[in-house]
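A.B. asks: First, the structure itself, so that you have it in front of you.
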Amino acid sequence: MTKYVFVTGGVVSGLGKGITASSIGLLLKSRGYKVFMQKFDPYINVDPGTMSPIQHGEVFVTADGTETDLDLGHYERFIDEELNYSSSITTGKIYSSVIEKERRCEYLGGTVQIVPHITNEIKSKVYEAGSSSKADIVITEIGGTIGDIESLAFIEALRQIRYELGIHNTFFVHVTLIPYTFGSGELKTKPTQHSVIELRSLGIQPDAMVCRTPLPLNDEIKKKLSLYCSIPNNNVIEAIDVKNVYQIPLNFLNQKIDQIILKHFGLPVKKINIKDWEKLVETVDNLNDEIEIALVGKYVELHDAYLSIMEALKHAGYKHKVKIKINWIDAEELEKKTNLKQVFKNSKGILVPGGFGARGTIGKMKAIKYARENNIPFFGICFGLQLAIIEFAKNVCGLSKASSTEFDENCEEPIIDLMEEQKAIVNKGGTLRLGNYECKIMKNTLAYEIYKQERILERHRHRYEFNNKYKELLESKGMIFSGINEKSNLVEIIELPSHPHFIACQFHPEFKSRPTRCHPLFDSFIKACIKIKTVK
Ligand code: GLN
C-alpha cells in the first residue's frame with residue numbers, strides 16, 4: 001500500500017518547502033523506494049501557463065505536457081523521475097473538475113459544497129497519484145503558508161486522509177522558520193509554536209518539523225520546540241542556511257529524517273545508495289574556475305523565470321568543473337545600446353531563451369547577430385530558435401521583412417507562423433504544443449555529434465513554428481536544419497556549420513537536465529564556451 005508524506009509550510013513563504021520535499025524524496029529513493037511527488041497550488045488559475053513569468057517564475061513542463069509550478073523542476077532534478085499530470089494540482093483544476101461533474105448531474109441533485117465535494121476531489125487526486133504511479137511513497141507539498149484562506153480546503157482534505165488511512169500510513173512534515181533577533185542575539189521559537197497551533201486548530205498534528213535557521217539549533221531550543229509542539233526531539237530537524245542546496249539532503253540524512261519516516265511507516269530501512277549525490281556535492285564545493293554566460297531575455301528581473309535554464313547551465317558547469325556566472329541582459333535595454341562589445345566583453349557564450357510577444361525581440365536579435373558575426377558560442381531555445389532564424393533571414397538572406405506572425409500579424413515574410421491546427425484555437429491556456437515530441441537528427445551535423453543518436457524525445461512549449469516555405473532559401477545560405485519532427489514535418493533544431501558553435505532548438509532541453517547528468521546540448525554549449533576562453 002502506498003504511504004503518504006505531506007509537507008506543509010509555516011510562518012513565512014519561501015522557506016524551501018520544495019527543496020525539503022525533494023530532499024526527502026531523494027533520500028527515500030536512495031533507500032530503494034519508489035517515490036512519486038505532487039504539488040498542490042492553492043491559486044485559481046488552472047495551471048501556471050497563463051501567468052506572467054515575472055509573477056510566478058518559470059512554467060515547468062512535464063513529459064506528458066502538463067504546465068506546472070517550478071517546484072516540479074526541483075522534484076524532477078532531485079528524485080530523477082518523470083512526473084506528470086497527477087503531480088500538479090491547483091484550486092483551479094479541482095474546481096473545474098467539480099463544476100464539470102455538477103453540470104453532468106453527477107452529484108445526483110445534491111447541493112455541491114466545499115466539504116465534502118471539493119475536499120473529496122482533492123483526496124481523489126492524492127489517492128490517484130498513489131495508484132497511477134504505483135509508488136511506495138507519495139510526497140505531496142502544499143503550496144502557501146498555514147493560515148492562508150486559500151489552502152484551507154487542501155488542509156481539511158489531508159486531515160481526512162490521515163483519518164481514513166491512519167497515522168502509520170501518513171506522515172506530516174511542517175517546514176518552519178526560526179528567526180534570529182539581532183537585539184537579543186537569540187533564535188526565536190515563538191512564530192513556529194504559533195504556526196503549529198494554527199495547524200493543530202485545523203486538525204493536523206505534525207510528525208516532524210524542518211526548521212529553517214541561520215544558526216545551529218542547540219539542545220535547549222530543540223527541547224523547547226519538541227515540548228511545545230508535541231514533536232519527538234529527534235524529529236525536530238535543523239535546516240541551516242547553506243551555500244550549496246545539494247548539501248541539504250545530506251544534512252537531513254545526518255539527522256536521519258529518512259529513517260524516522262520509514263520507521264513511522266513500518267517500512268524496512270534498507271541500505272542507502274547516495275554516492276553520486278555525495279560526489280556532486282563535493283564537485284560543487286570545489287569549483288574554482290568561473291565562466292560568464294550572457295542570458296538575453298525580457299523577464300531577467302526575476303531570475304526564477306529562467307530557473308531550469310540556470311540549473312541546466314550549472315549542471316554542465318559541474319561536468320566541466322566550472323562555476324557559471326550569468327550576465328543577465330535585459331533584451332529591451334539592449335535595444336538602446338550601441339557598444340555591444342562592452343556589454344558582452346566578459347561573456348564566453350550567448351544564450352537566448354524562450355519568450356512570448358514583441359517586447360524585447362529586437363534586442364534579442366541584436367544579441368544573436370552579434371554572436372553569429374563574432375563567432376561567439378550561441379545557444380537558442382524555443383523563441384531563441386525562432387528569432388535566430390528571423391535574424392538569419394533578414395541579415396544573411398536579405399529578407400528585410402522577415403518576421404513572426406506572433407508579433408507582426410500581417411508581416412510580408414512570415415518566417416515563423418502558426419500551425420494550421422493552431423489557427424482555430426481561442427483559449428490560450430493549455431493549448432500550446434506541449435510536452436514530449438520525437439525529433440529525428442540528421443547525421444554529420446553538430447546536433448548529431450552532440451546527441452550521438454538519431455531519435456530523441458524532448459519537451460515542448462510553444463505555439464508558432466518555422467515556415468517550411470523558406471527552408472530552401474535559408475539552406476542555400478548555409479543554415480542547416482539538423483533536427484526535424486518527421487510526423488508533422490516541423491523544424492526542431494537549426495545550426496550554422498560556418499560558426500564554431502551556433503545551435504538552437506524549438507524544444508526546451510533545460511527540463512531534462514539533471515545535476516548528475518547534464519543535458520547534451522548544455523554540455524556542448526559550455527564546452528564550446530570554455531574553449532573560447534582558452535583560445536582568447
Ligand atoms: N512565443 C513562441 C511561441 O509561442 C515561443 C515560445 C517559447 O519560447 N516557449 O511559439
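A.B. asks: Over 19 Å between Cα atoms: which of Lys298/Lys477; Lys394/Lys531; Lys337/Lys401; Lys345/Lys366 fall into that group?
C.D. replies: Lys298/Lys477; Lys394/Lys531; Lys337/Lys401
A.B. asks: Among 281-289, 383-391, how do they line up from the highest to the lowest mean number of other beta-carbon atoms within 10 Å?
C.D. replies: Result, highest mean first: 383-391, 281-289.
A.B. asks: Right, something else. Which Rg and Dmax, in Å, describe the Cα atoms of the range 79-151?
C.D. replies: Spelled out, the Cα radius of gyration and Dmax of the range 79-151 are 14.1, 45 Å.
A.B. asks: If you count, for each residue, the other Cβ atoms within 10 Å and average over each peptide, how do 293-306, 396-409 line up from highest to lowest?
C.D. replies: Answer by packing, highest mean first, reads 293-306, 396-409.
A.B. asks: Next question. What whole-number volume per residue, in cubic angstrom, does the convex hull of the C-alpha atoms of the range 319-381 give?
C.D. replies: 94 Å³
A.B. asks: Checking the a/c ratio against 1.5 first, then a/b against b/c, what shape does the Cα gyration tensor give for the range 307-452?
C.D. replies: Oblate is the answer for the range 307-452, as a/c is 1.5 or above yet b/c matches or exceeds a/b.
A.B. asks: Sticking with this one: Give the lysines whose C-alpha is closer than 17 Å to that of Lys224, dropping any in the same chain fewer than 8 places away, or say none.
C.D. replies: Within reach: Lys188, Lys190.
A.B. asks: Dipole of the chain, Cα-centred, from +1 at each Lys and Arg C-beta and -1 at each Asp and Glu C-beta, to the nearest 20 debye?
C.D. replies: 1300 debye
A.B. asks: Moving to a separate point now. Note down the magnitude of the dipole of the range 1-110 about its Cα centre, charges +1 on Lys and Arg C-beta and -1 on Asp and Glu C-beta and zero elsewhere, to the nearest 20 debye.
C.D. replies: 460 debye
A.B. asks: Using just the Cα positions, wrap the chain in a convex hull and report its mean projected area in square nanometres, one decimal place. List each step's numbers first, then the result.
C.D. replies: Details: hull surface 109.5 nm².
If you wrap the Cα atoms of the chain in a convex hull and average its projections, you get 27.4 nm².
A.B. asks: Classify the range 33-178 as rounded, prolate or oblate from the Cα gyration tensor: take a ≥ b ≥ c as the square roots of its eigenvalues, call it rounded if a/c is under 1.5, otherwise prolate when a/b beats b/c and oblate if not. Could you put the intermediate results ahead of the total?
C.D. replies: On the way: a/c = 1.42, a/b = 1.18, b/c = 1.21.
Taking the square roots of the gyration eigenvalues as a ≥ b ≥ c, the range 33-178 is rounded.
A.B. asks: Please rank His117, His194, fewest neighbouring Cβ atoms within 10 Å first, as an exposure proxy.
C.D. replies: His194, His117
A.B. asks: Also, I was wondering about something else. How far is it, in nm, from the label point at Arg514 to the one at Asn410 when both lie 7 Å from their Cα along the line to the Cβ?
C.D. replies: Label-label distance for Arg514 and Asn410, simple model: 5.2 nm.
A.B. asks: While we're on this one: What does the charge add up to near Lys428, with Lys and Arg as +1, Asp and Glu as -1, over the other residues with Cβ less than 14 Å from its Cβ?
C.D. replies: Local charge sum for Lys428: +1.
A.B. asks: Could the peptides 346-356, 265-275 be put in order, highest first, of the mean number of other beta-carbon atoms found within 10 Å of their residues?
C.D. replies: 346-356, 265-275
A.B. asks: Then there's this: Using the alpha carbons of the range 158-225, what is the convex hull volume per residue in cubic angstrom, as a whole number?
C.D. replies: Given the Cα convex hull of the range 158-225, per-residue volume reads 85 Å³.
A.B. asks: Rg and Dmax of the range 217-315, using alpha carbons, in Å: what are they?
C.D. replies: 18.7, 52
A.B. asks: Say each of Glu198 and Arg455 gets a label point 7 Å from the Cα, pointing the same way as Cα to Cβ; how far apart are those two points in nm?
C.D. replies: Label-label distance for Glu198 and Arg455, simple model: 5.2 nm.
A.B. asks: Right, here's the next one. If amide H atoms are built 1.01 Å from N in the plane of the peptide, which residues on other chains or at least 5 residues away come under 5 Å of the amide H of Phe6?
C.D. replies: The answer is Thr140, Phe171, Phe172, Val173.
A.B. asks: Sticking with this structure for a sec: Go ahead and run the numbers for FRET between Lys243 and Val112, Cβ-Cβ distance against an R0 of 56 Å, rounding to 0.05.
C.D. replies: 0.65
A.B. asks: P(r) of the range 370-411 in 10 Å steps, Cα pairs, percent per bin?
C.D. replies: For the range 370-411, the pair-distance distribution reads 27, 52, 19, 1.
A.B. asks: Let me ask something else about it. Could you work out [θ]222 nm for the chain from helices alone, using -39500 (n - 2.57) per DSSP H run of at least four and dividing by all its residues? Round to the nearest 500 deg cm²/dmol.
C.D. replies: -11000 deg cm²/dmol
Every number here is computed from the coordinates shown, using simple stated rules; none is lab data. A quick note: this is a predicted structure, and the numbers were derived from the prediction, not measured. Please note: Cβ atoms are built from the backbone with ideal geometry, for glycine as well, and neighbour counts cover all protein chains shown.
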